[in-house]
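Below is one structure; the comments refer to it alone.
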Amino acid sequence: MHSRNNRARAHHTPRFAYLFAPAPDGKVPLEETIQEDLHDYLDGNLENSDIEVTYRNGGRADIEVRFPGFTAVIECKRTKGRSPRKGLRRYLGQAVAYQAGGITLGMPVILDLTPKPSWITNFRDDMWADHIPSPVPEKRDRWAVVVRVPGNRTSPYDMTTPAPAQ
């Protein structure tokens, strides 16, 4: 989050264009864009990460990161609509389902493509832990570490003054 939030439009390569508002004729990025960027970052900093892992609890995991004694799965998504914390809960079920054979922690990483003409959230507001209670009382609850990556950003130079809250 820190490295991607601090990227400047003038100094990014086309690989990081997904972080900024597209040109008027440009297409919005797909979820595979954040998936590939995150995997490349993890692969360069950790020894054991894979992309598109098949046979993961009956499905295909976007990114799998192996640590001594456990494996974490990261599910990548994108949203073009409002993305409050409550609205992003729709991604939690899939993210924690991949952990049925391991730890009870999932990690959805969501590329937020809503327009940001006047405000970019602090990266501490874009990461949180969420509790997913088991629908069956005697079964284990799950947890998710949610990461919302602000894409479709505007340069601070081009930002408008935010309207005061009413």
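The values are calculated or read from the model by the stated rules, or taken from the named source; none is laboratory data. These numbers were taken from a predicted model, which means no experiment stands behind them. Here the Cβ is made from the backbone with ideal geometry for all residues, glycine too, and neighbour counts use every protein chain on show. These area figures cover heavy atoms from the full protein model, side chains too; ligands, DNA and RNA do not enter into them. Shrake-Rupley method; radii C 1.70, N 1.55, O 1.52, S 1.80 Å.
For this structure, a couple of remarks:
- Qualifying positions in the range 70-98 - modelled with pLDDT of 85 or more and of a type in the set (D, E, K, R): 75, 77, 78, 80, 85, 86, 89, 90
- Flag for residue 72 being over 17 Å from residue 32 (Cβ atoms), part of a strand (DSSP E or B) and of a type outside the set (Phe, Trp, Tyr): yes
- In the range 9-38, residue nearest to residue 63 (Cα to Cα) [restricted to those that are surrounded by 12 or more Cβ atoms within 10 Å (Cβ to Cβ) and modelled with pLDDT under 80]: 12
- Considered as a group, the residues in the range 39-69 that are hydrophobic (A, V, I, L, M, F, W, C) and open to solvent by 40 Å² or more (accessible area, probe 1.4 Å) include one that is nearest to residue 80 (Cα to Cα), and that residue is 51.
- Residue match in the range 103-113 (condition: of a type in the set (A, V, I, L, M) and more than 17 Å from the chain's Cα centre (by Cα)): yes
- Pairs with Cβ under 8 Å, 6+ apart, first in the range 40-54 and in contact (Cβ under 8 Å) with a residue 24 or more places away in the chain and part of a strand (DSSP E or B), second open to solvent by 80 Å² or more (accessible area, probe 1.4 Å) and among the hydroxyl-bearing types (Ser, Thr, Tyr): none
- Search result, residues across the range 125-141 that are open to solvent by 60 Å² or more (accessible area, probe 1.4 Å), assigned to a strand (DSSP E or B) and either farther than 25 Å from residue 3 by Cβ or acidic (Asp, Glu) (or both): 131
- Selection within the range 80-98 - within 14 Å of residue 126 (Cα to Cα), in contact (Cβ under 8 Å) with a residue 40 or more places away in the chain and open to solvent by less than 70 Å² (accessible area, probe 1.4 Å): 83, 88
- Residue count for the range 99-124, restricted to those that are at pLDDT 90 or above and either within 25 Å of residue 66 (Cβ to Cβ) or open to solvent by 30 Å² or more (accessible area, probe 1.4 Å) (or both): 5
- The number of residues in the range 55-69 being outside any loop (DSSP other than H, G, I, E, B) and modelled with pLDDT of 85 or more comes to 6.
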